[in-house]
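This report concerns only the one structure given below.
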Amino acid sequence: MPVLDGARIDAIEQAAQALARGELVAMPTETVYGLAARADDDNAVGAIFRAKGRPADHPLIVHVADRDGALAFAATLNPRAERLMAHHWPGPVTVIVRRAEGRAEAAAAGLPTIGLRCPSHPVARALLARCAALGVHGLAAPSANRFGAVSPTTAAHVAAEFGDALIVLDGGACDLGIESTIVDCSTRRPVLLRPGVLTRAELESTLGEALVDADDQATPAPGTLESHYAPKATLRLMETQQLGRALSVLPANMTGLAVYSRSAPRRHRWVRTMPDDPKAVARELYAVLREFDAAGVKLIWVERPPDMPEWEGVNDRLQRAAST
Ligand code: TXA
Ligand code: MG
């Protein structure tokens, strides 16, 4: 199956028809590319789990066109979820709410809750709107990569991973580059299950209350704790000084090593400069890790970014990538 230009209305139509038939389609979102199937069809959703090699107990996020779409899957939308949706949809925030009985059973991996997100990418929005017109009110879509691997941020990344097996809608390189923020609104206190590009302060100001950390929960959400988002090479996070010392003793003709750093001099051809802006790093991070892998490096040294609120999403992904 081809990579189709997502800016073309006939490509959207072809993709929507395929989804309505229960087939898989890869779609761009503002965060990362997703591997989509109609959420109301457990067989179609099963094909996502098989394609990714994802354990069946890892729930998927259901993507909807708007609040009405969310109402097709939620048992209730509580005030917290409503606030987040009103302020941040369409956009990179996923809310976990109680699931409507019998809906999207496979996507939710049987949990009594469901993750809902309304993406802002124009191609995703056009696709969701066309699907809704065909009676398909939600698309279950995890990141379009094999389980545990780095999420794709271009159509080429997806095609490299899934070859010719499905339609890939090309919407260009993703603007944000790391996955959506996930807030569990189904619990007594709102829980930040996965940080993203929005800062904790922005979310707390929307909610009017503090977010609880996932680590403080008795039962961790499946798929949020173990190593994830990892390149093939071994990634090591290093403090600025430690990295500087290590680099100063390495010969310039070293092979098998790549460095991603804000401060290291580009004396060595394998040093790639990390931008100072966390949003710029989020945007390029997964593509950079994929480039390193494609170059065949065995070891990636990453200078640890500042421990600051605006770096939380990037630091979370780097930590996971380093913990294999
Ligand atoms: O930005 C994103 O969210 C991307 C794009 C494609 O929208 N999607 C994405 O999906 O990152 P995925 O499957 O790679 O990550 C979904 C995360 C998992 O960590 C899963 O555990 C969590 O969402 N999740 C989904 N439903 C949940 C639920 N009912 N309760 C707790 N966690 C849930
Ligand atoms: Mg993923």
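The values are calculated or read from the model by the stated rules, or taken from the named source; none is laboratory data. Just so we're clear, the structure is a prediction, and the values are computed from it rather than from any experiment. So basically every Cβ, Gly included, is an ideal-geometry build from the backbone, and we count neighbours across all protein chains shown. For accessibility, only protein heavy atoms count, side chains too; no ligands or nucleic acids. Shrake-Rupley method; radii C 1.70, N 1.55, O 1.52, S 1.80 Å.
Just checking: which of the strands (runs of 3 or more DSSP E) contained wholly in the stretch 1-62 hold 2 or more residues that are in the same structural domain as Val183 (by TED's automatic domain parsing) and on the phi > 0 side of the Ramachandran plot?
Values: elements: 3-5, 25-27, 34-38.
Fully inside the stretch 1-62 and qualifying: nothing.
Consider Val191 carefully, then state whether it is at pLDDT below 95 and either crowded, with 21+ Cβ neighbours inside 10 Å or within 19 Å of Trp311 (Cα to Cα) (or both). Please lay out each step first, then the result.
Details: at pLDDT below 95: no; either crowded, with 21+ Cβ neighbours inside 10 Å or within 19 Å of Trp311 (Cα to Cα) (or both): yes.
In short, no.
Just to check your reading of the model, which residue among Asp170, Asp184, Asp213, Asp164 is over 13 Å from the mean Cα position of the chain (by Cα), closer than 19 Å to Gly115 by Cα and more than 13 Å from ligand 1 (Cβ to nearest atom)?
Working: Asp170 fails: closer than 19 Å to Gly115 by Cα; Asp184 fails: more than 13 Å from ligand 1 (Cβ to nearest atom); Asp164 fails: closer than 19 Å to Gly115 by Cα.
From the options Asp170, Asp184, Asp213, Asp164, the qualifying one is Asp213.
For the stretch 137-175, give me the residue count where each residue is open to solvent by 40 Å² or more (accessible area, probe 1.4 Å) and more than 13 Å from ligand 2 (Cβ to nearest atom). Explain how you work it out, then say what you get.
Initially, the stretch 137-175 is screened for residues open to solvent by 40 Å² or more (accessible area, probe 1.4 Å), giving 137, 146-147, 156, 160, 164-165, 170, 173, 175.
Restricting the remaining residues to those that are more than 13 Å from ligand 2 (Cβ to nearest atom) gives 137, 156, 160, 164-165, 170, 173, 175.
Result for the stretch 137-175: 8.
Please work out if Thr94 is under 21 Å from Ala214 (Cβ atoms), open to solvent by less than 10 Å² (accessible area, probe 1.4 Å) and of a type outside the set (Gly, Ala, Ser). Give the steps one after another, and end with the answer.
Values: under 21 Å from Ala214 (Cβ atoms): yes; open to solvent by less than 10 Å² (accessible area, probe 1.4 Å): yes; of a type outside the set (Gly, Ala, Ser): yes.
Criteria met by Thr94.
So which residues in the stretch 297-317 are within 16 Å of the chain's Cα centre (by Cα), of a type in the set (D, E, K, R) and surrounded by fewer than 22 Cβ atoms within 10 Å (Cβ to Cβ), if there are any at all?
Glu312, Asp316
Out of the residues in the stretch 1-50 that are basic (Lys, Arg) and away from ligand 2 (no atom under 16 Å from the Cβ), state the one that is least open to solvent (accessible area, probe 1.4 Å). Spell out the reasoning first.
Start the filter on the stretch 1-50 by keeping residues that are basic (Lys, Arg), which leaves 8, 21, 38, 50.
Then keep just the ones that are away from ligand 2 (no atom under 16 Å from the Cβ); that gives 8, 21, 38.
Working: Arg8: 130, Arg21: 154, Arg38: 43 Å².
Selected residue: Arg38.
Need pairs with beta-carbon distance below 8 Å; first residue free of Cβ contacts under 8 Å to residues at least 40 places away in the same chain and within the stretch 65-91, second open to solvent by 50 Å² or more (accessible area, probe 1.4 Å) and part of a helix (DSSP H, G or I); sequence gap 6+ or separate chains.
Here the result reads Leu77/Arg67; Leu77/Leu71; Met85/Arg67; Trp89/Arg67; Pro90/Arg125, each pair linking the stretch 65-91 to a residue that is open to solvent by 50 Å² or more (accessible area, probe 1.4 Å) and part of a helix (DSSP H, G or I).
Write out, first by first residue and then by second, each pair whose Cβ atoms fall under 9 Å of each other, whose residues are 6+ apart or on separate chains, and whose first residue, in the stretch 257-275, is open to solvent by less than 60 Å² (accessible area, probe 1.4 Å) while the second is among the basic types (Lys, Arg) and in a loop (DSSP other than H, G, I, E, B).
Qualifying pairs under 9 Å: Leu257/Lys298; Met274/Arg262; Pro275/Arg262.
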